[in-house]
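Remarks on the structure that follows.
The values are calculated or read from the model by the stated rules, or taken from the named source; none is laboratory data. Fair warning: this is a prediction, and the values are worked out from it, not measured in the lab. Cβ placement follows ideal geometry from the backbone for every residue including glycine, while neighbour counts extend to all protein chains displayed. Just so you know, the surface numbers come from the protein's heavy atoms only, side chains and all, with ligands and any DNA or RNA stripped out. Shrake-Rupley method; radii C 1.70, N 1.55, O 1.52, S 1.80 Å.
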Amino acid sequence: MDTLIMVAQLLLGLSILVGLHELGHLLTAKMFGMRVEKFSIGFPPKIIGFQWGETEYSIGAIPLGGFVKISGMVDESMDTEQMASEPQPWEFRSKPAWQRLIVMLGGIIVNVITGIMIFVVLVYQKGETYYSQEQIAEHGIVAYEIGQQIGFQDGDKILDINGQPYQSLGDLSSGEALLSTDGYYTVERNGEIIRIDIPRGFINSFSNEESMSKFVSIRMPFEIIDTPKGGAAREAGLQKGDRILAIDGQPINYFNELQNNLAERAGSEVRLTVQRDSETFEKTLAVTEDGTIGIQINPLLAPVTNRFGFGESIVKGTERAFGVVIINAKALGRMFTGEVSAKNVSGPIGMAKIYGNKWDWTKFWSITGLISMILAFMNLLPIPALDGGHVVFLLYEMISGKTPSDRFLENAQKIGMVMLLALMVFAIGNDILKLFTGG
């Protein structure tokens, strides 16, 4: 069932985005009087379709993209027979270069608009919820495996990133921070100010969503909310609302301190100092072999919540949408220098895992908005067979006044298709490798 939920979310998200992308091409082509022969979400073989006017609309069996076939255009159909005939007034090649340019940008523009709209609506409906820089500076962090690798320790208070203030806990592992040149964190540790450098290529440590949970979190003051039956805490009489102040006389302020102390005393007895309302008392409990005493806790630190009006949401949502593009452009550039590993390239399996095995509409639309902006960015790359490749050739035609030959465009299309096929095989290979290695 978990796999079905992941696949269903991926197929729904891609179908929406691919459909809208191809719709952008279709509408702009029809706007300029071009004949659109086919509109497909998914690649052949065709599952279902119907004819409406001059256009056949269909759904393909391979849900990894889609296409619009415009008469008189060198595209993935490689219809050389049509291109050998005399140009007709309704064909793509018969129209002015500026109109053809708008048609090629139509899908990208629709994806950008879609991404912006999704982020604007999310900001307007959900606002922002996060643990702030001020809270982190007050309480400090818990450093997990990946955080410890670069020198973080429990209790560190992160003051800034690259000498600049930050807003939230999430900013500490953002692409902007991890991809910064000579990046660093300024940390207060036991009253001393130190610098922790962000190593070159450190972003490769964050290859999946699980790795994010292995970096840092904020230290959490807590109280007991429940003591399950059969646990040592229930037998000792601990109750909802109790606060643990010390273990064997050692002060406890945060949940990670409790966990660490219990782990050190696994299989033995501990003396807890407990506060209940205005009363303080002690209890002796047995710690299990896995370092627990049978309590569930209630966090006592509430995150910051900001709400925005519609105008503010437009600004915030647009910033988020284009922030995705900027980070991906930086990551792509660093991939060519070797700083960002090509192993981070994910295919459909990786995308499905990002959606997750629980159907959460907020997360679904967040990821779909992110993919919409990435799809727009990737399609704008100057690779033949992508929209960006066609845009480059059209700009060359508009600037030089010379039209590339059909033969050149056909060969460029073939090269581009081979490049895209190789990239797809590489991405899927990465997905399969991660499944076997747990990456």
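For the pair Asp360 and Thr288, the difference between a 0.36 nm per residue extended length and the Cα-Cα distance amounts to 22.4 nm.
Working note: Debye formula, equal point scatterers on the alpha-carbon atoms of the range 375-431, no solvent; log10 I(q)/I(0) at q = 0.19, 0.20 Å⁻¹ is -0.70, -0.75. By its C-alpha gyration tensor, with a ≥ b ≥ c as the square roots of the eigenvalues, how is the range 221-297 shaped: rounded for a/c under 1.5, else prolate for a/b larger than b/c, else oblate? Here the range 221-297 falls in the rounded category. Inter-label distance, Met424 to Ile47: 1.6 nm, where each label sits 7 Å from its Cα along the C-beta direction. What residue among Val112, Val74, Val425 shows peak mean-square fluctuation when the chain is described by a Gaussian network model with Cα springs under 10 Å? It is Val425. Taking Gln135, Gln275, Gln99 in turn, the Gaussian network model of the chain (Cα-Cα springs below 10 Å) assigns the largest fluctuation to Gln275. Taking the longest Cα principal axis of the chain as reference, the axis of helix 310-337 is set at about 80 degrees. Once the chain from Trp98 to Leu395 is taken as fully extended at 0.36 nm per residue, the excess over their C-alpha distance is 106.0 nm. In plain terms, the chain from Ala302 to Met117 could stretch by 63.7 nm, reckoned as 0.36 nm per residue minus the Cα-Cα distance. Taking the Cα atoms only, what angle lies between the long axis of helix 361-379 and the longest principal axis of the chain, rounded to 10 degrees? The angle comes out near 40 degrees. Note on Lys414: aspartates and glutamates with a C-alpha under 18 Å away, same-chain residues under 8 apart excluded, are Asp75, Glu76, Asp79, Glu81, Asp387, Asp406.
Tell me which GluC sites (Glu not before Pro) from the range 52-144 have a DSSP coil assignment and no more than 16 other beta carbons within 10 Å of their own. If you can, show how the numbers build up before the last one.
Details: sites: Glu54, Glu56, Glu76, Glu81, Glu91, Glu128, Glu134, Glu138; in loops: Glu54, Glu76, Glu91.
Listed in order of number, the matching sites are Glu54, Glu76.
Looking at the chain, the accessible area is 52 square angstrom per residue; that uses a 1.4 Å probe and ignores ligands, DNA and RNA.
Please report the carbon-and-sulfur percent of the accessible area for the chain; probe 1.4 Å, protein heavy atoms only, DNA, RNA and ligands left out. Don't jump to the answer; show the numbers that get you there.
Numbers: 13620 of 22840 Å².
For the chain, the apolar C and S fraction of the accessible surface comes to 60 percent.
From the square roots a ≥ b ≥ c of the eigenvalues of the alpha-carbon gyration tensor of the range 121-224, which class results: rounded (a/c under 1.5), prolate (a/b over b/c), or oblate? Here the range 121-224 falls in the rounded category. Under the convention that each Lys and Arg Cβ holds +1 and each Asp and Glu Cβ holds -1, the size of the dipole of the chain around its Cα centre is about 920 debye.
Prolate is the label for the range 118-177, because the ratio a/c of its alpha-carbon gyration tensor axes (a ≥ b ≥ c) is 1.5 or higher and a/b is greater than b/c. Take the residue pairs Lys38/Lys316; Lys126/Lys353; Lys30/Lys330; Lys69/Lys353; Lys214/Lys358 and return only those whose Cα atoms are more than 30 Å apart. Beyond 30 Å between Cα atoms: Lys38/Lys316; Lys30/Lys330; Lys69/Lys353. A simple spin-label model places the labels of Ile432 and Phe32 4.1 nm from each other, with each point 7 Å out along Cα-to-Cβ.
Listed by chain and number, the aspartates and glutamates whose C-alpha is less than 14 Å from the C-alpha of Lys363, apart from same-chain residues fewer than 8 away, are Glu128, Glu209. The Cα trace of the range 170-239 gives Rg and Dmax of 19.0, 55 Å, the first to one decimal, the second as a whole number.
With the biggest extent put first, the Cα atoms of the chain measure 94, 46, 45 Å across the principal axes.
Taken along the Cα-to-beta-carbon direction at a fixed 7 Å, the label points for Ser341 and Arg200 span 1.7 nm. Which aspartates and glutamates, on any chain, are close to Lys240 with Cα under 19 Å apart, when same-chain ones fewer than 8 places away are left out? Qualifying aspartates and glutamates at Cα under 19 Å: Glu223, Asp226, Asp277, Glu279, Glu282.
Against the main long axis of the alpha-carbon atoms of the chain, helix 97-126 sits at an angle near 20°.
Of interest is the spacing of the C-alpha centroids, which for the range 283-331 and the range 153-224 amounts to 14 Å.
Only one residue of Ile196, Thr129, Gly72 has its Cα farthest out toward the positive end of the dipole of the chain, where Lys and Arg carry +1 and Asp and Glu -1 on Cβ, and that residue is Gly72.
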